[in-house]
Amino acid sequence: MRWHTQLIVALCCWCYAACCHGLLLPLPALPPLTNLADMVGVVLHTHFRTPFATTLVTTRSATRHGAWLQQDLLQRLLVRHGQGQLVVQLEGVASPAQLLHRHPPWARSLLLAESYDALRTVFAQLTPDRFDFTGRYLIVLSEAPVTLATVDRIFHALWVRQIVNVVVVLRPLEEGPVQLWTYFPFSPGLCRIPKPHLLFTWPNDTLLYGVDFYPRKSGHFHGCPLRVGSFETRPFTILAEGGPVGGFEGDLLHSLSARLHFREDVRVPPRAQQWGEAAFENSTGMMRMIYTEEVDFGLSCLGVSHERTAMLKAGKVHFTTELVVVVPPGKPYTAFEKLFQPFQYTIWLAAGFCAGVGLAVIATVRLLPDDGTRATVRRYVAGDAHRHTPALNLIRVILSSPLPFTPTGTFPRTLLSQWMLVSLLLNLLYQGSLFQYLQRASRHPPMRTLAEIDRTEALYYITGSARRYFLQYPQLLSRLRYFPNVPDSIAARLRWMGSHRDEQQDVAMCTRDHVAYHNAQYGRAAGRQLLIARETMGLYAVTILYPKRSMLTVSFDEHIERIDSSGLLKYWSARYGDYHFVGSRATPERAAGPTPVSVEQLAGALQLLVGMLLAALLLFLAELGWARYTQQAN
C-alpha cells in the first residue's frame, strides 16, 4: 500500500504542475521512447533511489511537441520505473517542507530537456545556494539527433560550475541506440579540460549492471597541478624559499598529493594578509583567494566560523586544538621583597601580633598610676628588678639575641622561655629559607585566569579573524590589538614576548600548538619559555577550506578521515612542538648546588640596613635639636 500511495501523490503533483504550465493536452502520436526511458530508469533505480534524499525533477522544452515528449517520458519514469520507490519533487510545485523553511541544496537532480537550447536555460539557475555541485545529476535530451559537439558544449558548461558527477542520456540518431555519456576533467595530458567518455550504449551493450555510471572523478589527477593557498604559521605550515611546504599540515598536503597524484602549486596571500576577512564583498587574504577561486583549496590553521561557512565550503575537521592566552611570567621580586618571601603573610601577621601584644603590655604598665599599682603589675609581669628599655629587650628576644639580665619570678621566666623557644624556631626557619630565596630569581605569580587578566587591564594581541571571540564582551573590544601584517605574525609576536619577559605585561591569543613550537625552538636553549593561562578561550577546529562549488571535498575528506583515524596527524604535530608545559607555571631552573652569596643577593638586607641607619641618623639629629631646645628654654 505504501508504494501505491506514493505513486498517487506523485501523479497528483504532476497533474497539478501540468495544469499550471498548460501541458495537460491530448497526446498525439509520439515516437517510441522505450529505450530512452529504460536507460534513464536503470540509472534512477541504481543511483537515485534512496529514502534519505529527494530528487528534483526539472523539465525544459522549446516547442509544444517537445513538451509532449517530456510529459510522456516523465510518466513512463514515474509509473513504470519509479514504482513508488523514487521520492521526487517537481520543480514549481512547492512541498510542505519548502513552505515552512528553506530547502537545503539539492544533491540529486533529474533534468529533462528537449534540446541543448532548452537545457541552456537551466544552467543559469544552477547556483550553490540551490544545488549541491558534488551531488549527482542526470540530464536527458529527448530530441534526436544529438552530435558529439553538443555533448562537448554541455560538459564545458558543467565544468565551469565544477559539476562532474553527471550522466547525459541522448540519442545520436532518430531511431538509433541510446548513449550514456560522462566526462573527466583531469585525464592524462589534459588538465582542467573536459574529456567526454562513453559509458554505455543501449541496446548494443549487454553488460548493463556492471557499469559504474558515476565513476570517481577526483580520485586521480594524473599529475595535474592543484592551486594550494597557504601562508607560514608555524608549526601548521612552514614555507621555505623554493622548497616544499613544511609543518604538520604540510605533511598532510604531501600525503594528499601522493595519494591523489597531483602537483602542489602553492600560492601565498599578497601583502602578508594571511587569514584575511571573510565577506562576500571586500574579502581579503586567504578568504578572498578561496572565494574568488584563485586557489582550489586553502590550508594554514584555517578554522570554521559562521562567516566562512556562508561563503566557502569546509572540509572534514582534521585537527582540534585549544585557543590559549600567552601571559607574561610575572614581575621579578625586588631585593627588598625577597626578605619577606620565606614566610607567608599569616606568619608575619602572627609574629607582628605577638610583638604588638608585648609592646601593648609594656605601654600599659608605663601608663599605670605610680601609687603602688604599677610596681605590683610590673612585679608579676617582669619580676622585682627594675629593667630599663623593656621594649628593646622584647625585640632582642624576637631576634634571639642574649639578654644581659634575666627576670625574677616564675611567671616572667616561663613567659621568657616560651618567647625564646618560639623566636628561636622562627629565626632558624627564616634563615634557612632566606638563603634559598636569595639564591634563585623568583617572580610574582603569573596571571592564571581570564578574570585576573581583565583586572590588570592588559592588552590582547590577536589576529584580525579572532575578533569574533570577543564580540560577546564589548568591554574588552577597546583593549584589542592586532598582529601586524608580517610573515608568520603569531611567531613574531611570541618571539618578542620571549625576549622581553620583564618589559611587557600584555597578553597574546593563539593556539596551543603555536606556543609549543616556540618553546621547542627557543624555550629551553635561550631560556625564553612562554607560559599560558590556565583557562582557555575555546576549542579551535582546523580544516581545509574550498570554494563553494569545489569538486575536491569527497576524495579529500575520505583520505583525511583515514589519516585521522590512524593517529598520524597527532604524531606529525608532536614532532614540531614541546607540549611539556602545564598551566601557567614553568619549572624553575635550579642550580645543581649552592653558590656563594653575592652582593646582588644581599641587596635587600643592605637596603634595610641603609634605611635603619638613616632612621637612626634622623633620630640622632632630633635628639640634638631637642637638647638644644631644652637648654635654651632653661
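The values are calculated or read from the model by the stated rules, or taken from the named source; none is laboratory data. Note that the structure is predicted; figures quoted are calculated from it, not measured. Cβ sites come from the backbone with ideal geometry, for glycine too, and all protein chains shown count toward neighbours. Each accessible area value is taken on the protein alone, full model and side chains, heavy atoms only, with ligands, DNA and RNA left out. Shrake-Rupley method; radii C 1.70, N 1.55, O 1.52, S 1.80 Å.
Kindly report the accessible area of segment 471-560 per residue (heavy atoms of protein chains, probe 1.4 Å, no ligands, DNA or RNA), in Å².
Each residue of segment 471-560 exposes 44 Å² on average to a 1.4 Å probe.
May I ask you to give the percent of accessible area on segment 33-202 that is carbon plus sulfur, with a probe radius of 1.4 Å?
Looking at segment 33-202 in its full context, I get 56 percent from C and S.
So which GluC sites (Glu not before Pro) in segment 122-203 are both in a DSSP loop and have at most 11 other Cβ atoms within 10 Å of their Cβ?
Glu174, Glu175
Using the Karplus equation 6.51 cos²θ - 1.76 cosθ + 1.60 (θ = phi - 60°), what ³J(HN,Hα) coupling, rounded to whole Hz, does each residue of segment 534-549 give in order, writing x for Gly and Pro?
The phi angles translate into 5, 8, 9, 7, x, 7, 10, 8, 9, 8, 9, 9, 10, x, 4, 10 Hz.
Give me the extension gain from Arg455 to Ala258: residue separation times 0.36 nm, minus the current Cα-Cα distance, reported in nm with one decimal.
In short, 65.8 nm is gained.
At a threshold of 8 angstrom on Cα-Cα distance, excluding pairs fewer than six apart, so keeping six or more, what relative contact order does segment 33-202 reach in percent?
The normalised contact order for segment 33-202 reaches 20 percent.
Going through segment 238-293, which chymotrypsin sites (Phe, Trp or Tyr not before Pro) have at most 14 other Cβ atoms within 10 Å and a DSSP loop state?
Here the sparse-neighbourhood loop sites are Phe280.
Give me, ordered by chain and number, the residues 5 or more places off Cys191 or on other chains with an amide H under 5 Å from its own placed amide H.
The answer is none.
Check Ser300: other-chain or 5+ apart residues with amide H under 5 Å from its amide H, H built from backbone geometry?
Residues meeting the criterion, in which the H sits 1.01 Å from N, do not exist here.
Please give me, ordered by residue number, the GluC sites (Glu not before Pro) of segment 231-335 that lie in loop per DSSP and have at most 11 other Cβ atoms within 10 Å.
Glu241, Glu281
Using the Cα atoms of segment 442-502, I'd like the radius of gyration and the largest Cα-Cα distance, Dmax, both in angstrom.
13.2, 37
Magnitude of the Cβ-charge dipole of segment 242-314, K/R +1 and D/E -1, about the Cα centre, nearest 20 debye?
Using only the charged Cβ atoms, the result is roughly 60 debye.
Taking H placed 1.01 Å from N in the peptide plane, check which residues at least 5 places from Thr449 or on another chain put their amide H under 5 Å from its amide H.
Here the answer is Arg534, since their amide H atoms fall under 5 Å of that of Thr449.
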